[in-house]
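Notes follow the structure.
The values are calculated or read from the model by the stated rules, or taken from the named source; none is laboratory data. Quantities reported herein were computed from a predicted structural model and do not represent experimental measurements. Ideal geometry is used to build each Cβ from the backbone, glycine not excepted, and the neighbour counts take in all protein chains shown.
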Amino acid sequence: MKNCWWLLLLISFNLAAQTDSTSQVHIDSLPKITACDSTTKSLNSEYAKPKPFGFITHVPNDMWQIAKSPFKKENTKGLIAVAISTGLLIPFDQAITDGVRDASRKIHLHDETDYTVVVKSGTTKIFKIPNNLNSGLYQMGEGGTSMMVAGGLFIYGKIAHDYRALQTASDLTETFITMGVTTQILKRISGRQSPFMSTQSGGAWHPFPSFHDYQTNTSNFDAFPSGHLATMMATVTVLTENYPEKKWLPYVGYSLIGLTGWAMINTEVHWIGDYPLALALGYISGKITCMRHKKPVKKMATL
């Protein structure tokens with residue numbers, strides 16, 4: 001796991017640079033893109049140069065769109081699915097947590113997080129290297145993974161004048177901020193105990209804790225929903241939306257989300273009931289962010 005950050009950068013460059021030759025049905029007839037082009041064309045969309053600081057200025061509108069999404073008719077089925085799955089899982093949270101931890105012990109998966117801190121500022125660990133598999137999986141959802149992928153795409157985009165890579169880097173940063181703010185608001189509303197802090201089976205709920213209580217005893221209130229999985233789902237959604245020709249992305253992305261979800265239960269940071277809403281938030285955030293700038297490519301007439 002100690003080379004995971006370099007691996008993420010390599011994946012970012014591969015993601016942006018490698019073209020799926022089987023998906024170029026109508027791209028081959030398009031003019032070659034150069035540094036002077038105002039757009040970069042992909043499989044079924046074209047990308048203009050992203051607006052400076054758009055990943056910040058678009059966040060308020062993203063949050064407004066997320067807040068409105070449950071009330072849209074087309075989202076009714078999704079809302080019902082999230083509500084039902086959350087309602088069904090919460091009563092079994094403690095039993096599932098005990099089962100996951102027991103299964104993890106049988107396969108010798110550590111239940112603690114252990115890191116080698118490389119860079120820190122005061123008590124804040126800026127850069128750390130996981131020392132076991134469980135720690136590596138847990139770290140995948142902390143946001144650093146998304147920012148490393150975004151950084152790799154940004155560097156590639158600047159070097160290759162690839163607006164799709166630059167826009168994707170901006171999208172990832174935008175969803176990272178949006179999910180950070182959105183999940184914090186919901187956590188401060190729900191006030192659910194993390195498993196390792198629980199004072200009762202399934203953890204107690206203390207809705208609307210005071211600002212002081214939340215800041216001084218955060219783990220007693222911040223389990224629901226999972227910010228880790230919301231960020232990971234937003235990241236995977238953005239990548240699959242902007243790179244639809246990369247057929248391996250959903251398989252890798254969703255597998256990592258599942259493994260991270262397992263690791264967080266094993267570490268007693270989250271209950272499985274914290275996940276459905278988090279996954280829905282990440283998916284919606286990624287969709288909203290990408291749909292703002294996606295423009296269909298005009299197909300060339302075939303001879």
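Among residues that are within 20 Å of residue 235 (Cβ to Cβ) and modelled with pLDDT of 95 or more, residue 142 is not included. Every test in (1) over 30 Å from residue 104 (Cβ atoms); (2) out of contact with any Gly (no Cβ under 8 Å at 6 or more places or on another chain); (3) polar (S, T, N, Q) is passed by residue 170 save one, and that test is (2). Checking 243, 283 one by one, the residue that is surrounded by fewer than 24 Cβ atoms within 10 Å (Cβ to Cβ) and more than 14 Å from the chain's Cα centre (by Cα) is 243 and no other. For the structure I just gave you, tell me whether residue 145 is buried (at least 18 other Cβ atoms within 10 Å of the Cβ), of a type in the set (S, T, N, Q) and not in a helix (DSSP H, G or I). In short, no. Residue 270 passes every criterion in (1) in a helix (DSSP H, G or I); (2) touching a His at 6+ places or on another chain (Cβ under 9 Å) apart from (1). Does residue 219 satisfy being touching a helix residue (DSSP H, G or I) at 6+ places or on another chain (Cβ under 7 Å), in a helix (DSSP H, G or I) and surrounded by fewer than 19 Cβ atoms within 10 Å (Cβ to Cβ)? So residue 219 fits the description; yes. Name, by its number, the condition in (1) more than 27 Å from residue 66 (Cβ to Cβ); (2) surrounded by 17 or more Cβ atoms within 10 Å (Cβ to Cβ) that does not hold for residue 199. The number of the failed condition is (2). Can you find, within the range 94-124, the residue that is nearest to residue 258 (Cα to Cα) among those that are out of contact with any strand residue (DSSP E or B) (no Cβ under 8 Å at 6 or more places or on another chain) and basic (Lys, Arg)? The extreme case among them is 101. In this structure, does residue 283 turn out to be aromatic (Phe, Trp, Tyr), within 30 Å of residue 98 (Cα to Cα), at pLDDT 95 or above and touching a Ser or Thr at 6+ places or on another chain (Cβ under 6 Å)? Judged against the criteria, residue 283 is a match.
Once the range 43-58 is narrowed to residues that are surrounded by 11 or more Cβ atoms within 10 Å (Cβ to Cβ) and more than 17 Å from residue 294 (Cα to Cα), the residue that is farthest from the chain's Cα centre (by Cα) is 57. When the range 96-110 is filtered for residues that are of a type outside the set (A, V, I, L, M) and buried (at least 16 other Cβ atoms within 10 Å of the Cβ), the ones remaining, listed by number, are 97, 101, 104, 110. For the condition in contact with a Pro (Cβ under 9 Å, 6 or more places away or on another chain), hydrophobic (A, V, I, L, M, F, W, C), touching a residue at least 12 places away in the same chain (Cβ under 8 Å) and assigned to a helix (DSSP H, G or I), residue 169 qualifies. Scoring residue 224 on the criteria (1) in a helix (DSSP H, G or I); (2) of a type outside the set (D, E, K, R); (3) surrounded by 20 or more Cβ atoms within 10 Å (Cβ to Cβ) leaves a single failure, condition (1).
Can you tell me which residue is nearest to residue 236 (Cα to Cα) among those in the range 247-277 that are among the charged types (D, E, K, R) and crowded, with 17+ Cβ neighbours inside 10 Å? The residue in question is 274. Residues in the range 59-95 that are within 15 Å of residue 272 (Cβ to Cβ) and surrounded by 15 or more Cβ atoms within 10 Å (Cβ to Cβ): 82, 85, 86, 89, 90, 93, 94. Do you know which residues across the range 172-205 are in a loop (DSSP other than H, G, I, E, B) and of a type outside the set (Val, Ile, Thr)? Within the range 172-205, 191, 193, 194, 198, 200, 201, 202, 203, 204 meet the criteria.
Quick check, is residue 120 of a type outside the set (Gly, Ala, Ser) and either in a helix (DSSP H, G or I) or on the phi > 0 side of the Ramachandran plot (or both)? Spelling it out, it is not the case that residue 120 is of a type outside the set (Gly, Ala, Ser) and either in a helix (DSSP H, G or I) or on the phi > 0 side of the Ramachandran plot (or both). Among the conditions (1) touching a residue at least 60 places away in the same chain (Cβ under 8 Å); (2) in contact with a Phe, Trp or Tyr (Cβ under 9 Å, 6 or more places away or on another chain); (3) aliphatic (A, V, I, L, M), the only one that residue 236 does not satisfy is (1).
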